[in-house]
Amino acid sequence: MAVGGDGTVNEVVQGLASREGVELAVIPRGTGWDFVRTYGIPRKLEDAVAVAREGRVREIDLGRARYRAWAGGDAEAYFANIASAGISGAIAKRANETSKALGGKASYLWSTLAVFARWQNGVIRVRVDGENRTGRMHDVVVANGRYLGGGMMMLPEAEPDDGLFDVLTIGDLTKRDLLLTLPKTYRGRHLPHPKAEVLRGSVVEVDADEPLPVELDGEQPGTTPVRFELVPRALRLRVPR
């Protein structure tokens, strides 16, 4: 049983990935609750405990990332919900370093606006199961679950047990693009968008001339180049019946 937020789930997953016969239950705490939103795991303590004790088991996919560690050299880690390369990593880092007294949604929203104002886009190279994209982009989001950033339904059609990532490439947005589109993400109504594309695949590679921050379930362990691989049905999760 993991009692905490997305970062706690991420830590627990590192030890549980692909272990046979072990089931994970989550009691949501922290500020984001993005992982549990996809599965409808309740935030109320008594209800979450009931799911932990009596819920059904859902076998979900995990992601495995191989990236460049901040200290140098290659590293590897799992993620359960969302990974990314680009501006999301810088936003998550700022959100984690600031007060979350107003909650995860407000913290992430403020961090998004602050980081976006200073971010300089570069050319990003993306490969999804052999399909290539190259261009000036803000972000590449690799989704197993649907939510990030304290409730943004960024990939509303993502299914965490279908054997594929939903991959969102976010192009060269203007400030006007951001201000018009950001409110729609909380309802999952921002797609389709002329500067965004959704691809699907089980292996995603991202690289850029200048290293970009990599984000895994809200944590920032390193930079590009990064390779994301889907690990099918690698986690047994207790969810509501």
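So how many residues does region 169-198 have that are over 16 Å from Leu113 (Cα atoms), more than 15 Å from the chain's Cα centre (by Cα) and crowded, with 19+ Cβ neighbours inside 10 Å?
Qualifying residue count, region 169-198: 2.
I'm trying to understand the selection: among the residues of region 166-182, which are in a loop (DSSP other than H, G, I, E, B) and among the acidic types (Asp, Glu)?
Asp172
Taking the stated definitions as given, is Gly21 over 16 Å from Gly151 (Cβ atoms), in a helix (DSSP H, G or I) and not aliphatic (A, V, I, L, M)?
Against the criterion (over 16 Å from Gly151 (Cβ atoms), in a helix (DSSP H, G or I) and not aliphatic (A, V, I, L, M)), Gly21 does not qualify.
I want to confirm something. Restricting to region 199-241 and keeping residues that are among the β-branched types (Val, Ile, Thr) and farther than 25 Å from Gly21 by Cβ, which single residue is surrounded by the most Cβ atoms within 10 Å (Cβ to Cβ)?
It comes out as Val214.
With a cut-off of at least 2 residues that are among the basic types (Lys, Arg), touching a Phe, Trp or Tyr at 6+ places or on another chain (Cβ under 7 Å) and modelled with pLDDT under 95, name the strands (runs of 3 or more DSSP E) lying wholly within region 34-92.
none
Could you please find all residues in region 136-164 being loosely packed, with under 15 Cβ neighbours inside 10 Å and under 27 Å from Pro183 (Cα atoms)?
Scanning region 136-164 gives Arg136, Glu157.
Search region 38-68 for residues being within 19 Å of the chain's Cα centre (by Cα) and of a type in the set (A, V, I, L, M), and hand back the single one that is nearest to Val22 (Cα to Cα).
Ile60
Determine, yes or no, whether Ala65 is without any contact (Cβ under 8 Å) to a residue 24 or more places away in the chain, under 25 Å from Ala95 (Cβ atoms) and buried (at least 20 other Cβ atoms within 10 Å of the Cβ).
No.
Taking region 183-231 as the region of interest, how many residues are part of a strand (DSSP E or B) and more than 25 Å from Ala69 (Cα to Cα)?
Of the residues in region 183-231, 5 are part of a strand (DSSP E or B) and more than 25 Å from Ala69 (Cα to Cα).
The values are calculated or read from the model by the stated rules, or taken from the named source; none is laboratory data. Remember, it's a predicted structure, so these values are computed and weren't measured experimentally. No Cβ is skipped: glycine too gets one built from the backbone with ideal geometry, and neighbour counts run over all protein chains shown.
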